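The values are calculated or read from the model by the stated rules, or taken from the named source; none is laboratory data. These numbers come from a predicted model, not from an experiment. Every residue, glycine as well, gets a Cβ built from its backbone with ideal geometry; the counts of neighbours run over all protein chains shown.
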Amino acid sequence: MNIFVAKLNYATSEDALRQAFEEFGTVDSAKVIMDRDTQRSKGFGFVEMPNDDEGNQAISSLNDTELDGRTIVVKKANPRG
DNA sequence: GTTGAGCGT
């Protein structure tokens, strides 16, 4: 299940994101979108979870919570299209 | 050396 995470702290790393989601389920991979040129965080990222139920719980649980001191938004990710 | 809605090199 692809999960979209936004309003991240510009200092939040993928490991912090992964650890945050691993507390609610198994995380297959986590990625924070950063600028291609400056490598600065765009403020949002993606988390991939092999279990859909754990993913939904992670979304419902981690949504509107604090990460690195910033309230984050967790939703299902859209296909890149 | 910043900012704060939004969907990926």
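Key figures
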item: Selection from the range A:60-81 of residues that are assigned to a loop (DSSP other than H, G, I, E, B), under 14 Å from A:VAL5 (Cβ atoms) and of a type in the set (D, E, K, R); result: A:ASP64, A:ASP68
item: Spans of strands (runs of 3 or more DSSP E) in the range A:1-59 with at least 2 residues free of Cβ contacts under 8 Å to residues at least 24 places away in the same chain; result: A:29-34
item: Candidate set from the range A:35-65 (those that are exposed (fewer than 11 other Cβ atoms within 10 Å of the Cβ) and of a type in the set (Asp, Glu)); member that is modelled with the lowest pLDDT; result: A:ASP37
item: Any chance A:ASP68 is in contact (Cβ under 8 Å) with a residue 24 or more places away in the chain and under 14 Å from the mean Cα position of the chain (by Cα); result: yes
item: Whichever residue in the range A:1-34 is in contact with a strand residue (DSSP E or B) (Cβ under 8 Å, 6 or more places away or on another chain) and acidic (Asp, Glu) and, among such residues, is surrounded by the most Cβ atoms within 10 Å (Cβ to Cβ); result: A:GLU14
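Every residue, every condition in (1) among the basic types (Lys, Arg); (2) within 12 Å of DNA strand B (Cβ to nearest atom); (3) more than 19 Å from A:TYR10 (Cα to Cα), yes or no:
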residue	(1), (2), (3)
A:ILE33	no, yes, no
A:THR38	no, yes, no
A:PHE46	no, yes, no
A:PRO50	no, no, yes
A:ASP68	no, yes, no
A:ILE72	no, yes, no
A:LYS76	yes, yes, yes
